[in-house]
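The values are calculated or read from the model by the stated rules, or taken from the named source; none is laboratory data. Bear in mind that the values here come from a model prediction, so they are computed numbers and not experimental data. Cβ atoms come from the backbone with ideal geometry, glycine included; neighbour counts cover every protein chain shown. Heads up: the accessible areas ignore ligands, DNA and RNA and are worked out on the full protein's heavy atoms, side chains in. Shrake-Rupley method; radii C 1.70, N 1.55, O 1.52, S 1.80 Å.
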Amino acid sequence: MLTIYGGKQRYCDGVSRRGFLKIGAFSFASLASLSLADIYRAEAAAGKPRSHKSVINIFLGGGPPHQDMFDLKMDAPSNIRGEFKPIPTNVPGLEICEVFPQMAKLMDKCAVLRSVVGCAGDHDAYQCMTGWPRNALASQGGYPSIGSVVSRLQGPIDRAVPAAVGLAAPTGERRWSDSGSPGFLGAAHAPFKPFTTSGGRGGKTTQKGVGAYEQGDGLASIKLQGMTLERLQDRRRLLKAVDRARQDLDVDLGVQALDASFQAAFDVLTSSKLADALDLSKETAKTRERYGDGKPYKYQYDGAPTVNEHLLMARRLVEAGCRSVTLSYGRWDSHSKNFDLVRDHGSKLDQCLSALISDLDDRGMLDDVTVVVWGEFGRTPVINKEGGRDHWPQVSCALLAGGGMKTGQVIGSTNRLGERAEERPVHMQEIVSTIYHNLGINPEQTTIEDRSGRPQYLIDERTPISELIG
């Protein structure tokens, strides 16, 4: 569908001053999120080779309990150590929680970080997407997420597949479904979001059932909706007329992003690669069963459902050429019934995460794909009267896999009660720095200009984790 709305003023080519183009279900925001034409030109001019390094960033929204996952404290008092028992893994001396039996067989391909520090203490995916607190450089729109940085610096592997995709299902607490903000880079480098993110902070998510999520405009916008390529080419020529008219206007950044993004949008529309990557019906029943579906969705409340299929979708996206995929898995804000929640969420995560790592390894992709699993902070050592654990930004944990890293190890430790980092504190920015390194970006030297033209480092003088990259 092509729609051109116009005011009374028209130019000599017959296009109105306020004209705009709409193809299929593409909106300005959808087009802008795929804007990479300037990157294509820059890379072509520089003759830069395009590598296919990717990251799958799995956000455990709400703050997962570190002492009930990868840092059990069996020598602590009962009101701290909780109900779970440790199990051995295929790495000698490394034990993890009993709810992860499948992951225990794959720990040689993973690295456990038990001493993550630098958390802001807010319920927010922002820090796990950028490495920065939300208020950092707020006057410039904030720092861009990893996916947006990759979009800006490296562009896509394939014009028909966005460099960055956010798979977060809608949540009532919107900060838990943050797929990554483009920050000062602007809408042109926002991640493509196939699913709606309805709801708001403290509000309720619009759902078709418990844990259901709706297909967003993004997914609809990658279909031609019956339009032939010949007709679309005609629309493309019409857009050129609109662009000529727009040259006489004072345009804002959003319209500029639309101009730059049209080529990428056109490529996505005329290719089935992205739609195919999002279509899980193309996988075998055996593979889908291996990942599971994460149902029934329990303990969701205002957070994300445990959509195991998103991890399979993430693998398909990076296989198709996507550089960065983010997703939000579960709601880990366990102020009450902490152990019931971890049994539910943990066992489901065990199934799909082990399937993802094994799948990537079987396909020869694991060394090229960095998988990171973490939340915005940890949980209190002391179990409260509701059987829950409260917020604890002093220390948390993370798990990394793949990316060509030196895996099969534990980095850092906490004290006997799990209160603080005791050995080798690992700052959140070090993790983000490691991700950039694995993606082929030098985080110590690379800068990007903000809206005022001032160069900004990607992270705040943090180097990659030396134990992982050697």
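Once the mean of 1/r is taken over each pair of separate Cα atoms and inverted, segment 330-370 shows a Kirkwood hydrodynamic radius of 11.7 Å. What translational diffusion coefficient, to the nearest whole µm²/s, does segment 376-439 have by Stokes-Einstein, given a Kirkwood radius computed over alpha-carbon pairs, a temperature of 37 °C and 0.692 mPa s viscosity? My calculation gives 244 µm²/s for D.
Full extension of the chain between Ser358 and Glu423 gives 20.3 nm of extra length, using 0.36 nm per residue less the Cα-Cα distance. Local charge for Arg416 was computed over the other residues whose Cβ lies under 9 Å away, with Lys and Arg +1 and Asp and Glu -1, and equals -2. With the simple spin-label model, which puts each label point 7 Å out from Cα in the Cβ direction, the Asp460 to Met365 separation comes to 3.5 nm. Built from the Cα atoms of segment 322-470, the convex hull projects on average onto 11.0 nm², one quarter of its surface area. Solvent-accessible area of segment 314-417 (1.4 angstrom probe, protein heavy atoms only): carbon and sulfur portion equals 45 percent. Each Cα pair under 8 Å and six or more residues apart adds its separation to the average, and for segment 296-422 the resulting relative contact order is 22 percent. Please find the FRET efficiency linking Val382 to Ser272, where r is the Cβ-Cβ separation and R0 is fixed at 45 Å, and quote it to the nearest 0.05. That gives a FRET efficiency of 0.25.
Approximating the spin labels as points 7 Å out from Cα along Cα→Cβ, the Ala136-to-Lys105 distance works out to 3.9 nm. For segment 406-462, the fraction of C-alpha pairs more than 13 angstrom apart is 70%. Taken per residue, the accessible surface of segment 415-470 reaches 52 Å², heavy atoms only and a 1.4 Å probe.
Across segment 87-93, rounded Karplus estimates of 3J(HN,Hα) from the backbone phi angles (6.51 cos²θ - 1.76 cosθ + 1.60, θ = phi - 60°) give 10, x, 10, 7, 10, x, x Hz, Gly and Pro being marked x. With R₀ set to 35 Å, the beta-carbon distance separating Ser413 from His52 gives a calculated FRET efficiency near 0.50.
Evaluating 6.51 cos²θ - 1.76 cosθ + 1.60 at θ = phi - 60° for every residue in segment 167-175, the Karplus couplings come out as 9, 4, 6, x, 10, x, 8, 4, 5 Hz, glycine and proline recorded as x.
Too long at a 21 Å Cα-Cα cut-off: which of Lys193/Lys298; Lys85/Lys105; Lys109/Lys348; Lys295/Lys337; Lys85/Lys337? Violating the 21 Å Cα-Cα cut-off are Lys193/Lys298.
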